[in-house]
Amino acid sequence: MVTPSPEDEAELESSKAPLLEHLVELRNRLVRSVIAFLVCFIICFAFSRQIFQFLTQPLSDALAGQPNRSMIFTALYEQFFTYVKIGMFGAICLAFPYLATQIWLFIAPGLYKHERKAFVPFLLATPFMFILGGAFVYYLMLPRVIQFFLSGETPEAPGQIAILMAPRVGEYLSFVMTLIFAFGVCFELPVLLTLLGQVGIVTSKGLAGARRYAIVGVFAVAAVVTPPDVFSQLSLAFPMVGLYEVSILCVKLIERARARSEAAQAAANRNIRPT
């Protein structure tokens, strides 16, 4: 761990303020965050039809060339509330950078300068990894999941009733949003473990030693957060195992950089020691 310098201690001391001022600042940032969310919700709700068409594109591609295929809604209000869900989900994604910035601006004054520098890369990596998880779902996993479910259809034949998929609008949207959110959050695993390694809570040796337990936990999480089919669960579990191994590598690189920094600092202290 890096020892704070006297300048860092003085800077942190100067940022101290009475509790009431912190509460007022927290209220102001919460108000700004709510306003930002509402603005993003209005924008996303205005384009909810286009967003829904984008989310249903993998299904449209899977059903291409098959006439008379459509989606249905069985409740009078289902389509409207589907667009409301799209607006809220899009608002969370769109407003997240601003919300994260407000959180960072509130807690940053209470951190040392070197701690702020250490946290910045993780703040930048968080939305990137969430987008990467969502893109993995949309472009790689979702088309294969849809094909898997479509394989359960039964075509019309003499003496046999046809069984065709007619997905409900609300159920399809919930299915896709659940997958995107689950994969986006689970793809944050390297960010979380690397951050814990940065502050010294976990080590690469400890993570490697807990690998077998982590794999069991990964499959348990995949079984809970994904739809109840084996394909979706394995599609999340295998990337998470890979991300866990990436986390071990990242923590190991941090430990090596820390060891070099400590060695250089120790050498510098020996050079300036009075004779």
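Within the listed set Glu21, Glu255, Glu188, the Gaussian network model of the chain (springs between alpha-carbon atoms below 10 Å) gives the highest mean-square fluctuation for Glu21.
Label-to-label distance for Arg29 and Ala125 is 2.2 nm, based on points extended 7 Å past Cα in the beta-carbon direction.
As a rough guide to protection, the peptides 117-123, 210-216 ranked by mean Cβ packing within 10 Å, highest first, stand as 117-123, 210-216.
Relative to the current alpha-carbon distance between Arg69 and Gln265, full extension at 0.36 nm per residue lengthens the span by 63.7 nm.
The Kirkwood radius of the range 36-121, taken over pairs of alpha-carbon atoms, gives through the Stokes-Einstein law at 4 °C and 1.567 mPa s a diffusion coefficient of 81 µm² s⁻¹. Considering only Cα atoms, the convex hull volume of the chain works out to 169 Å³ per residue. Within the range 101-181, the GluC sites (Glu not before Pro) that combine a DSSP coil assignment with at most 14 other C-beta atoms in a 10 angstrom radius are Glu153, Glu156.
We did not get these values from a lab; they are worked out from the coordinates using the rules stated. Nothing here was measured: the structure is a model prediction, and the numbers come from that model. No Cβ is skipped: glycine too gets one built from the backbone with ideal geometry, and neighbour counts run over all protein chains shown.
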